[in-house]
Amino acid sequence: MPSQRKIQIFGALFALAIFGVACTKKGGDTTTAAASNEIVFGEYGSMTGSESTFGIATHKGIMMAVEEANKTGGIKGKQIKVVSYDDQGKSDEAVTTVTKLITQDKVNLILGEVASSRSIAAGAVAQQYKIPMVSPSSTNPKVTQIGDYIFRVCFIDPFQGAVMAKFAINNLKFKKAAVFRDIRSDYSMGLANYFIEEFKKMGGDIVIDESYASQDADFKTQLTKIKSKNAELLFVPGYYTEVGLIARQARQLGYKGTLLGGDGWDSEKLTEIAGEAILGGYFSNHFAPEDKNPIVQNFVTQYKAKYGEVPNGLASMGYDAALVAIDAIKRAPDTTPAAIRDALAATKNFQAVTGIITINSERNAVKPAVVLKVAGNQQYTYVTTINP
Ligand code: PHE
């Protein structure tokens with residue numbers, strides 16, 4: 001008995017020692033990454049599925065920034081490696097891939113996601129392990145409210161919603177709006193609310209507020225109700241696949257008003273899906289390639305040379321998220337997650353492609369938005385800039 005007990009105690013102590021090591025790792029293993037001669041960025045995004053253009057364009061922007069940095073010596077004498085995973089546009093996959101990036105790939109920092117619902121789901125994992133995450137373009141306020149390791153380099157939806165309400169009332173002189181939102185999307189639900197709030201505050205009237213669920217393909221029941229209200233505009237704060245189908249079906253049913261939306265429209269696929277139905281529509285976005293600023297023009301030229309296409313908002317936000325991350329790690333005293341976090345939080349007046357980025361106390365960026373008009377097949381022309 002006594003010897004058996006000894007073994008038990010020894011076993012318990014041994015387990016404690018192992019567990020102790022495991023805990024340190026869980027808190028953000030720095031030994032593997034710090035000892036290696038690489039800095040590892042983890043990326044997760046929708047490379048496939050109905051939002052595939054979001055993930056693909058963001059990835060192109062990230063890779064361009066990382067390759068440029070590596071060509072000029074990397075960071076602290078180390079090259080940057082990017083480990084990317086496809087979350088297929090699913091929240092549970094986003095959680096799985098971020099867990100993998102942290103526990104298996106031992107990344108120093110995470111870039112992603114685009115869609116707010118997925119950033120909210122997977123951001124909780126990054127926060128739990130205390131690994132800094134920078135979302136290029138998730139705009140829902142809840143994303144960075146997760147905790148002190150979660151950042152973004154874009155504006156947020158209370159601003160974006162107000163931008164489109166102001167544009168509708170001041171520029172288009174509309175007073176009657178219909179709203180059609182995606183109940184499965186934090187982004188869509190939030191943006192609809194913020195638009196409505198500002199539109200009403202400015203004296204506008206919301207005549208109907210209907211909803212759908214992402215992955216739906218038939219929107220005719222709701223659109224029939226919407227059409228009967230004769231609104232001058234229909235605000236659809238959704239993602240391009242559903243927005244494209246909604247535009248088509250709205251026109252089939254005879255709706256003649258102007259379609260308005262947010263950054264979720266930003267895809268070369270929007271006009272492919274919607275055809276003529278979406279022409280004349282307006283949406284808010286993070287970036288306009290026509291911007292005369294030489295920084296933007298230089299980026300557009302480089303991007304075109306590399307990928308043979310004009311960058312959209314997602315590509316430029318992916319690029320900027322990586323630039324901000326690289327800048328922070330250069331300034332950080334070492335590459336531990338805590339040091340990188342602090343350096344990200346201290347980002348001030350950083351000149352990026354989509355504007356000057358200062359990370360505020362809520363870990364968000366405050367930047368102007370542009371309004372684009374759908375002018376033709378894959379043609380989104382610059383209309384105006386609205387400042388915060
Ligand atoms: N802002 C959107 C969201 O939070 C994502 C998005 C950004 C989509 C930019 C397209 C372009 O869900």
Angle between the chain longest axis and helix 294-307 axis [Cα atoms, degrees, rounded to 10]: 80 degrees
Considering only the range 216-374, percent of DSSP beta bridges that pair antiparallel, nearest 5: 60 percent
Radius 11 Å from Cβ of residue 309, net charge of other residues (Lys, Arg +1; Asp, Glu -1): +2
Where the Cα pairs of the chain fall when distances are cut into 20 Å bins, in %: 29, 52, 16, 3, 0
Chain lengthening between residue 127 and residue 145 when straightened (0.36 nm per residue, less Cα-Cα): 5.4 nm
Net length gained if the chain between residue 184 and residue 213 were fully extended (0.36 nm per residue, minus Cα distance): 9.9 nm
Label-point gap, in nm, between residue 36 and residue 306 - each point 7 angstrom along Cα→Cβ: 2.2 nm
Nonlocal amide H pairs with residue 202, under 5 Å, H built at 1.01 Å: none
Share, in percent, of DSSP beta bridges within the chain that are antiparallel, nearest 5: 35 percent
Relative contact order of the chain, pairs being alpha-carbon contacts under 8 Å that are 6 or more residues apart, as %: 17 percent
0 to 90° range, to nearest 10: angle between helix 91-103 axis and the chain longest Cα axis: 30 degrees
Top of 305, 346, 121 by mean-square fluctuation, Gaussian network on the chain, Cα under 10 Å: 305
Rounded to 10°, Cα long-axis angle of helix 240-252 versus longest principal axis of the chain: 20 degrees
Summed residue charge, Cβ within 14 Å of residue 178's Cβ, Lys/Arg positive, Asp/Glu negative: +4
Full-extension gain in nm, residue 205 to residue 346, via 0.36 nm per residue minus C-alpha separation: 46.6 nm
Stokes-Einstein translational diffusion, the range 125-268 - Kirkwood Rh over all Cα pairs, 1.306 mPa s, 10 °C, in µm²/s: 100 µm²/s
Summed residue charge, Cβ within 12 Å of residue 113's Cβ, Lys/Arg positive, Asp/Glu negative: -3
Alpha-carbon centroids, the range 189-250 and the range 327-341: separation in whole Å: 43 Å
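Every number here is computed from the coordinates shown, using simple stated rules; none is lab data. This one's a predicted model, so the numbers in the text were calculated from it and none came from an experiment. Don't worry about glycine lacking a Cβ; one is built from the backbone with ideal geometry, like all the others, and counts go over all protein chains shown.
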